[in-house]
1. Mind jotting down a quarter of the surface of the convex hull over the alpha carbons of region 134-184, in square nanometres, one decimal?
2. Give the aspartates and glutamates whose C-alpha is closer than 12 Å to that of residue 5, dropping any in the same chain fewer than 8 places away, or say none.
3. Taking just the alpha-carbon atoms of the chain, what radius of gyration and Dmax come out, in angstrom?
4. Percent relative contact order of the chain, based on C-alpha pairs within less than 8 angstrom and at least six residues apart?
5. Just the number, please: percent antiparallel of the DSSP beta bridges in the chain, rounded to the nearest 5.
6. In a GNM of the chain with a 10 Å cut-off on Cα contacts, which of 98, 258, 70 has the highest mean-square fluctuation?
7. Suppose only helical runs count, i.e. DSSP H with n ≥ 4. What mean residue ellipticity at 222 nm does that imply for the chain under -39500 (n - 2.57) per run, divided by all residues and rounded to the nearest 500 deg cm²/dmol?
8. How far apart, in nanometres, would the label points at residue 102 and residue 276 be if each is projected 7 angstrom from Cα along the Cα-to-Cβ direction?
Amino acid sequence: MLIQKVDLHSHTLHSDGTLTPSELVALARERGLRALALTDHDTTGGLEEALRAAAQAGLELVPGIEVSVQYDPGTMHILGYFIDHQSPRLQERLRGFQEARRNRNPQIIQKLNEMGVSITLDEVVAESGGDQVGRPHFARVLIRKKYARDIPEAFGKYLAKGAPAYVDKRHMAPEDGIRMITESGGIAVLAHPKQLRAKTAEELEAVLDRLVAAGLGGIEAYSSSQDEKESRAYREAGERRGLFVTGGSDFHGANKSQVELGRMGDWADVRYEVVEAMRQASGRGAAA
Ligand code: AMP
Ligand code: ZN
Ligand code: FE
Ligand code: FE
């Protein structure tokens, strides 16, 4: 079970991955995947190309998204599967996320400059390839300019939550993030619950109950960032609530070079049936 047949969490250069949608689909095929979800942060810009490439490659592409919502002291990301990415209402809300990034990016630059780091927004935008700017693009420029050795160090010294150049861009409550996805026909899934940094099982249970009340449909029990024991706890917490139990590698290409597409721990078990079941439960139930 080293490489799963289904990977429900991946990024392209439309957000902060390094592959194009076509390259990502080609890699998924090379690795023998049957289904892949593209879940770029805050944008559906890569989906059309990915859907076209997947249709040609004979691979099932789940149209997805990943959004960051307000949560402390940890990080909460909500995945959306089988969203209607052409929904004008969804696109309007995603423009709000883009605006939050546009407001944040110069503030990060200012903080870095105040720390004595010589870096400009133009350099970071160039690094992003002109699409959406994310912190990994800042990290790459910092590495190139020798302010950090690698991505973990760039985040630890400058960009991570709690580090000196961190700027909070989150503007949406978890409930609203979930609603944004369900209202566009999608299934909302809690990404990598480990990042919530819940200190006790009770704390995790309470958060899940809150999210389920808002319409959460699933939990990402398997992730390249979660160990076997954590995965089991998330699976059980999900099953007790009748949630879809999903998994994904959180592949970012060279921006997270230790993560392989399709790989989320040797104990992982992501069934194709969960893809079918989510499609049925989504607004796309009737689609081929
Ligand atoms: P952004 O959406 O621009 O805030 O950037 C989020 C991205 O930064 C995510 O894809 C993460 O993979 C990456 N990231 C966040 N925190 C860290 C960290 N501590 N180390 C490495 N990458 C991180
Ligand atoms: Zn990312
Ligand atoms: Fe995430
Ligand atoms: Fe992700």
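1. The orientation-averaged projected area of the Cα hull of region 134-184 comes to 4.5 nm².
2. Of all the aspartates and glutamates, those that pass the test against residue 5 - Cα under 12 Å, at least 8 places apart if same chain - are 30, 60, 269, 273.
3. Expressed in Å, the Cα Rg and Dmax of the chain come to 18.1, 56.
4. 25 percent
5. So the antiparallel bridges amount to about 40 percent of the total.
6. Largest GNM mean-square fluctuation: 258.
7. Helices in the chain give a 222 nm mean residue ellipticity of -12500 deg cm²/dmol.
8. It works out to 4.5 nm between the two label points.
Taken together, the values in this text are just the output of simple stated rules run on the coordinates, not laboratory data. Remember, predicted model here, so these are calculated numbers, not experimental data. Glycine gets a Cβ as well: all are built from the backbone with ideal geometry, and neighbour counts include every protein chain shown.
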